[in-house]
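Peer 1: Have a look at this one.
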């Protein structure tokens, strides 16, 4: 019995605790670094759906997202952006910016059925977004101009096609 | 050689602290100074950052976007994404809100909410810019931590008879 306690006392608890703590700290540092890079610098996003055909595949593409430009306000007409959907804050959607604040945007109200078009002026602090595939996209034509604050990143590269090319 | 190592270890520790600070303020809790008079008397009316109340804004609510009536929330201004506003959440998606002093009733669209300041006379809120998308919300204000006379939890309060569920 006393042999067991003697062996227990012989284990170097302090150095084990020290090792465990430094390993845990390393894991926490790695997690923080990944989080900061992913949310504030550059990230990868898997985007799928028909609304951005032919730019983005129906089955999905891995895209590189630049978070810095969106935060600095450097988004312009023609950029494809990742934004929080105004209809469901848990969803992130990819659309193309077609009008910045103050721009006058003309769009087809019902492209499959009629030629009628409408013109709106984009309010201050808002952007007009549309999917490239206007026949299958829910965008500013349905929910109006969206506040710039919903944009989370600007898409600048398609990573999945680079991978296929390389192999 | 000894000086170089010291500088390197100081630099490493600072970068770690900065990364840890950014992660905590993005994921858990953030400390904000509230200025302006739109939330009087809940928060002191103040012009400058150092004169305002310092509050704790929790970010865990952004994982599910589940808010309750009367929560005080922090959100990006819809007409200027660089400004942050602090107002009280009055109505959630699908509810009807009556603008005070007019018979008009507005339905809050899906994914949007209606916010108003406690000091109705001096508040720029949904009565001017309409319902805001929930995606603009950046946190929920839970406690005041400075000045010491106001330390405590921020209560949930709702004005009477403004909203209807149906």
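A short reminder: the numbers here are calculations on the coordinates, not readings from a lab. In this text the structure is predicted, and so the values were computed from the model without any measurement. Ideal geometry is used to build each Cβ from the backbone, glycine not excepted, and the neighbour counts take in all protein chains shown.
Peer 1: Averaged across the residues of B:60-70, what count of C-beta atoms belonging to other chains lies within 10 Å of each residue's C-beta? Intermediate values should be presented prior to the final figure.
Peer 2: Numbers: counts 0, 0, 2, 1, 2, 4, 0, 0, 0, 0, 0.
Per residue, the average neighbour count from other chains is 1.
Peer 1: For a bin width of 20 Å, list the pair-distance distribution of the protein assembly as shown built from all Cα-Cα distances, rounded to whole %.
Peer 2: Going from the shortest bin to the longest, the percentages are 25, 49, 21, 5, 0.
Peer 1: Report the dimensions of the stretch B:1-140 along its three principal axes from the alpha-carbon atoms, largest first, rounded to Å.
Peer 2: 78, 33, 23
Peer 1: Could you work out the helix-only [θ] at 222 nm for the protein assembly as shown, with each DSSP H run of four or more residues adding -39,500 (n - 2.57) and the total divided by the number of residues, to the nearest 500 deg cm²/dmol? Present the calculation step by step, with values, prior to reporting the outcome.
Peer 2: Details: 7 runs with 81 residues, N = 333.
Mean residue ellipticity, 222 nm, calculated: -7500 deg cm²/dmol.
Peer 1: If one puts a single equal scatterer on every Cα of the stretch A:61-167 and applies the Debye formula without solvent, what log₁₀ I(q)/I(0) results at q = 0.12 Å⁻¹?
Peer 2: -0.43
Peer 1: Per-residue mean of other chain beta-carbon atoms within 10 angstrom of the beta-carbon, peptide A:90-97?
Peer 2: Working: counts 7, 2, 1, 0, 0, 0, 0, 0.
Whole-number average of other-chain Cβ neighbours for A:90-97 is 1.
Peer 1: Measuring from centroid to centroid over Cα atoms, what is the spacing of the stretch A:3-53 and the stretch B:104-151 in Å?
Peer 2: 37
Peer 1: Still on this structure, please answer the following. Based on the mean of other Cβ atoms within 10 Å per residue, sort peptides A:69-81, A:148-160 so the most packed one is first.
Peer 2: Numbers: A:69-81: 15.7, A:148-160: 19.9.
Result, highest mean first: A:148-160, A:69-81.
Peer 1: Next up: Within 10 Å, count the other beta carbons around each residue, average over each peptide in B:52-64, A:121-133, B:141-153, and list them highest first.
Peer 2: On the way: B:52-64: 17.1, A:121-133: 19.8, B:141-153: 13.5.
Per-residue mean Cβ counts within 10 Å order the peptides as A:121-133, B:52-64, B:141-153.
Peer 1: Sticking with this one: Starting with the highest mean, order A:56-66, B:14-24, A:5-15 by the number of other Cβ atoms within 10 Å, averaged over the residues of each peptide. Before the final figure, lay out the partial values.
Peer 2: On the way: A:56-66: 17.1, B:14-24: 14.5, A:5-15: 8.8.
Averaged packing, sorted descending, gives the order A:56-66, B:14-24, A:5-15.
Peer 1: Right, next: Starting with the fewest neighbours, write out A:82, B:7 ranked by other beta-carbon atoms found within 10 Å of each beta-carbon.
Peer 2: Values: A:82 22, B:7 9.
With the fewest neighbours first, A:82, B:7 line up as B:7, A:82.
Peer 1: Enter the mean number of other protein chain beta carbons within 10 Å of the beta carbon of each residue in B:15-25, as an integer. Don't skip to the end; give the middle numbers.
Peer 2: Numbers: counts 3, 5, 1, 2, 10, 8, 2, 6, 9, 2, 0.
Rounded to a whole number, the mean comes out at 4.
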